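Only one structure is covered here, and it is reproduced in the block below.
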Amino acid sequence: MAKSYPVVCCSIAGSIGGMGVVMHNAAFSHLGLKYVYVSFEPDDLQQAVASVRNLGFRGMGVTMPFKVDVIQYLDRLDDSAREIGAVNTVVNDQGVLTGYNTDYMGAIRALARITDLKGKKVAIIGAGGAGKAVTWGLKKYTTDISIYNIFEDEGQRVADQFGVTFAGKPELLDSRTEYDILINCTSVGFKTTETILTRDRFRPGSIVLDAVFIPIETTFVKEARAAGCTAIEGYKMLLYQACGQFELYTGVDAPFEVMEKAMVDYVNSK
């Protein structure tokens, strides 16, 4: 059976970002694990997956645009990947490649540190990959979930897929909209000062989570806090999903604080 030394974990992406490299390698070093993490921009997805198997890599993170297409080259899917319809993590167990989706873990773990999720009323903006993953994860705690999406046919399709409510376009959200938790699962605000909601449209006293992780404090988060909401930065969602990946690769608890510092330092250095 193919092996690597040190144990190799990697990620594939359409454009290398680098945060996975710094987070995972900081965690490996902190725990004294003989692992290394590298990133690739592959020319051929099928060959990239075959390389994981043939070279004995332990695992592979998968980012856009490969999260759906990678499925056809795997041996198995766990429930999260199969029901969400996307893979962000591949684990190699003696040549058998299993696809997982830890994106939902990012949101669940970040929110669970703030509140009990059971029975909460949740509004989700965005019906893309992040929106689907978050909806799937939250369904374990509540069925009172409403999706808002600019493309109504896509929003309705995803709502039907998960048995939740499609509530219309994001512009329908305002301070009178009833929810306990609001999650932005769009890319609005990524590396910009844009925001999908201004402070007058947030529900004061609610919990708000942004999936956008650059900058560390997005305008969406700033506006939510100015409106009197408890706001969670998007980098924590990214961090917790990376912790889920780390635990699948190694079988040990991820050192959250170590990975958080590595990520924040990396983003602030850019």
With Kirkwood's inverse mean 1/r over C-alpha pairs for Rh, give me the Rg to Rh ratio of region 224-265, two decimals please. 1.13
Under 20 Å from a point placed 7 Å out from the Cα of I16 along the Cα-to-Cβ direction: which residues of region 28-47 have their backbone N that close? 28-29, 35-47
Once both label points are put 7 Å beyond Cα along the C-beta direction, the D116-A226 separation in nm becomes 3.5
Taking θ as phi - 60°, what are the ³J(HN,Hα) couplings along region 167-181 by the Karplus curve (6.51, -1.76, 1.60), each to the nearest whole Hz, with x for Gly and Pro? 9, x, 6, x, 5, 6, 6, 8, 5, 8, 5, 8, 6, 8, 10
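Report the local net charge at D200: Lys and Arg +1, Asp and Glu -1, summed over other residues whose C-beta lies under 15 Å from its C-beta. Can you show the working numbers first?
Numbers: positive: R176, R199, R201, R203, K222, R225; negative: E171, D174, E223.
Taking every Cβ under 15 Å from that of D200, the sum is +3.
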Cα-Cα over 25 Å, subset of K67/K118; K118/K222; K34/K140; K67/K261; K139/K261; K222/K261: K67/K118; K118/K222; K34/K140; K67/K261; K139/K261
Listed residues G119, G18, G251; largest mean-square fluctuation, Gaussian network over the chain with Cα springs below 10 Å, found at G251
With viscosity set to 0.890 mPa s and temperature to 25 °C, compute the Stokes-Einstein D of the chain, Rh being the Kirkwood radius across alpha carbon pairs; µm²/s, no decimals. 129
Distant-in-sequence amide H partners of T142 (H built 1.01 Å from N, under 5 Å): G119
Inter-label distance, nm, simple model (7 Å from Cα along the C-beta direction), K270/T198: 2.8
What would the Debye formula give as log10 I(q)/I(0) at q = 0.09, 0.13, 0.16 Å⁻¹ for the alpha-carbon point model of region 139-270, no solvent? -0.31, -0.64, -0.92
Multiply the residue gap between Y5 and R176 by 0.36 nm, knock off their C-alpha separation, and tell me the result in nm, one decimal place. 55.9 nm
Could I have the simple spin-label model distance between Q156 and L33, label points 7 Å from Cα toward Cβ, reported in nm to one decimal? 4.5
Once phi for every residue in region 203-213 is put through the Karplus expression 6.51 cos²θ - 1.76 cosθ + 1.60 (θ = phi - 60°), the whole-Hz ³J(HN,Hα) values, with Gly and Pro written as x, are 8, x, x, 7, 9, 10, 10, 9, 7, 6, 10
Where the centroid of each part is defined by its Cα atoms, how far is region 108-172 from region 75-97 in Å? 23
The long-range amide H neighbours of S39, using H built 1.01 Å from N in the peptide plane and a cut-off of under 5 Å, are S11
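Values quoted throughout were computed directly from the atomic coordinates according to the rules given, and no laboratory measurement underlies them. Bear in mind that the values here come from a model prediction, so they are computed numbers and not experimental data. Note: ideal-geometry Cβ built from the backbone for every residue, glycine included; neighbour counts use all protein chains shown.
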